[in-house]
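Derivation of every value follows stated rules applied to the coordinates shown; laboratory data play no part. What you see is a predicted model, and the numbers here were worked out from it, not measured in a lab. As a convention, Cβ positions derive from the backbone with ideal geometry for all residues, glycine included, and neighbour counts pool all protein chains shown.
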Amino acid sequence: MTLVAAALGLWRPAIYDGIVSEELIPGAFSQDLLSVAAALGLLYLAVTAHGNRVKRQIIALGLLGYLFYAYGIYVIERAYNGLYLVYMAVFTLAFWALVCAGAHIRRDLPQPALPKTVRLLSASGAILQPLIFYPLWIGMLLPLMRTGEQIDSLYSIFILDLCFIMPTFLILSVLAYRSHGTGLLLLPAIYVLGFTLIFSLAVGELVKPLFNATLNPGEFWPALGLSMLFLVLGILHLNKLRIDEAGMTAANGDNGAYKAERPA
């Protein structure tokens, strides 16, 4: 569904006319570009999935998180075109896929391992996001709260960031600092989400000339820099993450015997 909806948006950007502000059309175009890439990535991961390829599952969770955010924008911003029900379906399925994944994280799996330096670096990069964006977004909301003004677009960013994304960064960073298995496993997924999401903003600046607009370096370079930070931290974390996948297979095959053999 993502592949169809995003490809239609690329093929015919006019579907956003009247429902997306003219200055935001390049952003919608770039988001569709990244959504096509995310959809193809998820299809590849699904087709090639076998055994306990945990790192691939982590990447898939990050891409699902991106789809939750990207189509959450369309749903919350009331993008009432012919694809709106598809946007709702992608948003819903991505959300419940993430919920199901979280519910099936096995507490009795072998503890993942990550070198201390990498763990602290990765956790610090994650906690930096709420430290920056909570004050920034709340500072933008306070004047609106004082005046009661209702903005016409991009209010979804406040909802998704303050209610979902920043708490996720905060929780996973604290868990990673404490060497908790859930934090070590899932922190790279939020970096995948962050990279795809912020990189789409940088691409949005690059495609502006296609829509008779001018690239804004003041928005392009920070978006590119932050997306590269997410990419580097995610790759570093995943490359250094050590998971006993053989032990996981044993646990899935004979859970009782595996638990009996685990050291106290």
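Under the rule of -39500 (n - 2.57) per DSSP H run of 4 or more residues, summed and divided by the residues of the chain, what mean residue ellipticity at 222 nm is obtained, to the nearest 500 deg cm²/dmol? Each step should come with its number before you reach the end.
Values: 11 runs with 192 residues, N = 264.
After summing the helix terms and dividing by residue count, I get -24500 deg cm²/dmol.
Of I243, I76, I190, I235, how do they rank once you tally other Cβ atoms within 10 Å and put the fewest first? Walk me through the intermediate numbers first.
Values: I243 20, I76 17, I190 24, I235 14.
The order, fewest Cβ neighbours first, is I235, I76, I243, I190.
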### Query
For the chain, what's the radius of gyration and Dmax over Cα atoms, in angstrom?
19.8, 66
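In which sequence would D244, D17, D152, D32 go, from the one with the fewest C-beta neighbours within 10 Å to the one with the most?
Numbers: D244 16, D17 11, D152 7, D32 23.
The fewest-first ordering by Cβ neighbours comes to D152, D17, D244, D32.
Where in the chain are the DSSP H helices whose alpha-carbon span along the long axis reaches 15 Å or more and whose Kyte-Doolittle mean is at least 0.5?
Details: long enough: 25-47 (33 Å, 1.53); 54-76 (32 Å, 1.29); 84-103 (29 Å, 1.92); 116-147 (48 Å, 0.97); 166-177 (16 Å, 1.85); 181-206 (39 Å, 1.80); 217-240 (34 Å, 1.02).
The answer, listed by residue number, is 25-47, 54-76, 84-103, 116-147, 166-177, 181-206, 217-240.
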### Task
Between the alpha-carbon centers of segment 149-200 and segment 53-118, tell me the distance in whole angstrom.
11 Å
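If you only keep lysine pairs separated by 8 or more in sequence, or across chains, how many in segment 2-261 come under 27 Å at the Cα atoms? If you can, show how the numbers build up before the last one.
Working: K55/K116; K55/K240; K55/K259; K116/K240; K116/K259; K240/K259.
Final tally of qualifying lysine pairs is 6.
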